[in-house]
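Sending over a structure as structure tokens; questions will come in a sec.
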Amino acid sequence: MPQQKSSPDKKQKGEKAASKAAGPSLPIRVIPAEEMTGKSEKVGKVVSTKMQKTIVVEVGRRVQHPLYKRIVASHKKFHAHDEEGVARLGDVVRIVECRPLSRLKRWRLGEIVRRAAQVGVQPSEVGI
């Protein structure tokens, strides 16, 4: 029966397990509690505030077309819950995923990222 030659680069089972355990330790990143919620967030523009306690937010995204490889812009509208009614038309807001609040609302207003510029009209310009 021929004997197998033991090569110096081969490790025994015990040595292999010990080398894995004694590997380099990676730095541990502490994640804040706000990031651990697992809730999805989207940023978009308010396009409607006509309902009570509800805003409609249009979220845009740019994706590459699978066949033509061209960047295509697409958008989708989400109904979000705005309890205090602080969001105004044209504001850029962050919406956060939540439990279903109605047939269409599965999002709530997280924060207002940027306020829309309010255009003021003088009464004399209108003719009042």
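Taking region 61-91 as the region of interest, how many residues are assigned to a loop (DSSP other than H, G, I, E, B) and touching a Ser or Thr at 6+ places or on another chain (Cβ under 7 Å)?
From region 61-91, those assigned to a loop (DSSP other than H, G, I, E, B) are 65-70, 82-91; that's our starting set.
Filter again for touching a Ser or Thr at 6+ places or on another chain (Cβ under 7 Å), leaving 82, 87-89.
Count: 4.
Applying the selection to region 35-57, what residues are surrounded by 12 or more Cβ atoms within 10 Å (Cβ to Cβ), more than 15 Å from the chain's Cα centre (by Cα) and assigned to a loop (DSSP other than H, G, I, E, B)?
53 - this is the single residue of region 35-57 that is surrounded by 12 or more Cβ atoms within 10 Å (Cβ to Cβ), more than 15 Å from the chain's Cα centre (by Cα) and assigned to a loop (DSSP other than H, G, I, E, B).
Among the candidates 85, 60, 110, which residue alone is over 13 Å from residue 45 (Cβ atoms), under 19 Å from the mean Cα position of the chain (by Cα) and among the small types (Gly, Ala, Ser)?
Numbers: 85 fails: under 19 Å from the mean Cα position of the chain (by Cα); 60 fails: over 13 Å from residue 45 (Cβ atoms).
Going through 85, 60, 110 in turn, the sole match is 110.
No value in this document is a laboratory result; all are computed from the given coordinates. Every value quoted in this text rests on a predicted model; they were computed, and no experiment measured them. Cβ atoms come from the backbone with ideal geometry, glycine included; neighbour counts cover every protein chain shown.
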